[in-house]
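Data first, discussion second: the structure below is written as structure tokens.
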Amino acid sequence: MDKKKTYDAGIGWVSSVENVFLSFLKKELRKKKYSFDEVTYENLRHRYDDIKNDRYAYRVFIDRASFDHPAYFLFADLVQKKGAYVVNNPDAVIAWGSKTALYGALCNAGLPLPRVFLLPARPPAKKELIHIPKALGVPFILKPAYGGLVDDVLLRARTVDDIITFMEDNGTDETLAQEYVVPTVVRKKTAWFRPLYVCGEVIPLWWDPLSHFYQPFGRSAEERDIAKDLKNMLCRIHDITGLDLFTTEVAIDEGGEYKIIDYANHPIDLNSQENASDALPEDILEDVARCIAVYIGKIKAHGNVIRE
């Protein structure tokens, strides 16, 4: 019987828009002399058989494909059962795919959240919704529990009829009616942030909610303080969810208070500004790749004991 071949990392990917990120990740892995195996459309079926029959194994599997191709979710689940550390853990992906579940958990943990009403999939009677616009103020935001796209969100809802129409359009999905947060200004910028949590590290980023354009943090004392606060928030979200790779949307409101606008978005978009102006800058993609490679090294050194 052939000896099992064990790689330090398996990388599941299908989207060409992540080519820049993948080139950075493979460069980091080669620099550290970590072995890796790419799982693409072409070899997915064969690799599944290899893993199932113990011909191949991974210490870590980086799942960048299951959100585009459901077969990769089965693959990630299999490699996890065979002992690999999966980023992101399939169990966590299922458990925390819903913003409703995330809101409840973050609220219970005392994290700073805007006011929210959680609404069931089936629209209730109009009289049961009539208090919401008054309680939240106008405008308010409507978003589906499982939605992840900007187009899924109604940013300026005003009436009960808006709520009912939104819920009907979203079918079986639950809805969050959320207070509209007006951000303050910090260092002549809108105080809105989209930090990344990457395998134990937090990368703070400015994010414009209108243009969706990212900017890295500077070195000012004010930015250092904000970065520290963001890190504390994201580390707590990681502790709650077990997600190793996600992004969170945070604002500072006009009263100077933090508000977590969007809780733990996953998968994160690892497209580059080479392809789209609202994607991540290349130096940030390099940082993401570096953080993942460092994490792989920790697991290689200590075994699959990092996740509690």
Next item on the list: Within the range 1-52, track down each residue that is surrounded by fewer than 19 Cβ atoms within 10 Å (Cβ to Cβ) and β-branched (V, I, T).
Entry: T6, V14, V17, T40
Item checked: Which numbered condition A293 misses (of (1) among the small types (G, A, S); (2) within 17 Å of the chain's Cα centre (by Cα); (3) buried (at least 18 other Cβ atoms within 10 Å of the Cβ)) -> (2)
Note to self: Among (1) free of Cβ contacts under 8 Å to residues at least 40 places away in the same chain; (2) under 18 Å from the mean Cα position of the chain (by Cα), there is one condition I11 misses while meeting the rest; what is its number?
What the structure shows: (1)
Next item on the list: Quickly run through the range 43-73 and pick out the residues that are modelled with pLDDT of 95 or more, farther than 13 Å from I11 by Cα and in a loop (DSSP other than H, G, I, E, B).
Entry: N53, D54, R55
Margin query: Would you confirm whether or not the range 147-155 contains a residue that is in a strand (DSSP E or B), among the charged types (D, E, K, R) and closer than 25 Å to D278 by Cβ?
Written below: no
Check: Which is out of contact with any strand residue (DSSP E or B) (no Cβ under 6 Å at 6 or more places or on another chain) and among the polar types (S, T, N, Q), of N88, N19?
Finding: N19
Check: Going through the range 102-144 one residue at a time, which ones are assigned to a helix (DSSP H, G or I), within 17 Å of A264 (Cα to Cα) and free of Cβ contacts under 8 Å to residues at least 24 places away in the same chain?
Finding: G104, C107, N108
Notebook entry, point to check: Can you name every residue in the range 199-228 that is within 17 Å of D262 (Cβ to Cβ) and either in contact with a Phe, Trp or Tyr (Cβ under 9 Å, 6 or more places away or on another chain) or among the hydroxyl-bearing types (S, T, Y) (or both)?
Noted result: I203, P204, L205, W206, W207, D208, P209, S211, F213, Y214
Next item on the list: Have a look at A76, A145, A121 and point out the one that is modelled with pLDDT of 95 or more, touching a Ser or Thr at 6+ places or on another chain (Cβ under 8 Å) and not hydroxyl-bearing (S, T, Y).
Entry: A76
Notebook entry, point to check: How many of the residues in the range 196-206 are more than 14 Å from L285 (Cβ to Cβ) and surrounded by 24 or more Cβ atoms within 10 Å (Cβ to Cβ)?
Noted result: 1
Margin query: Just the residues that are under 20 Å from C291 (Cβ atoms) and surrounded by fewer than 17 Cβ atoms within 10 Å (Cβ to Cβ), please, taken from the range 250-267.
Written below: none
Next item on the list: Go over the candidates K26, K33 one by one and state the one that is modelled with pLDDT of 95 or more and either in contact with a Ser or Thr (Cβ under 6 Å, 6 or more places away or on another chain) or not in a loop (DSSP other than H, G, I, E, B) (or both).
Entry: K26
Next item on the list: Just give me the residues in the range 225-234 being closer than 23 Å to L285 by Cβ and exposed (fewer than 14 other Cβ atoms within 10 Å of the Cβ), in sequence order.
Entry: none
Notebook entry, point to check: Across the range 179-222, which residue is modelled with the lowest pLDDT among those that are among the acidic types (D, E) and closer than 26 Å to R115 by Cα?
Noted result: D208
Check: Which condition number in (1) touching a residue at least 40 places away in the same chain (Cβ under 8 Å); (2) surrounded by fewer than 23 Cβ atoms within 10 Å (Cβ to Cβ) is the one that V79 fails?
Finding: (2)
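The values are calculated or read from the model by the stated rules, or taken from the named source; none is laboratory data. Not measured: the values here are computed from a predicted model. Because the Cβ atoms are built from the backbone with ideal geometry, glycine has one as well, and the counts that use them run over all protein chains shown.
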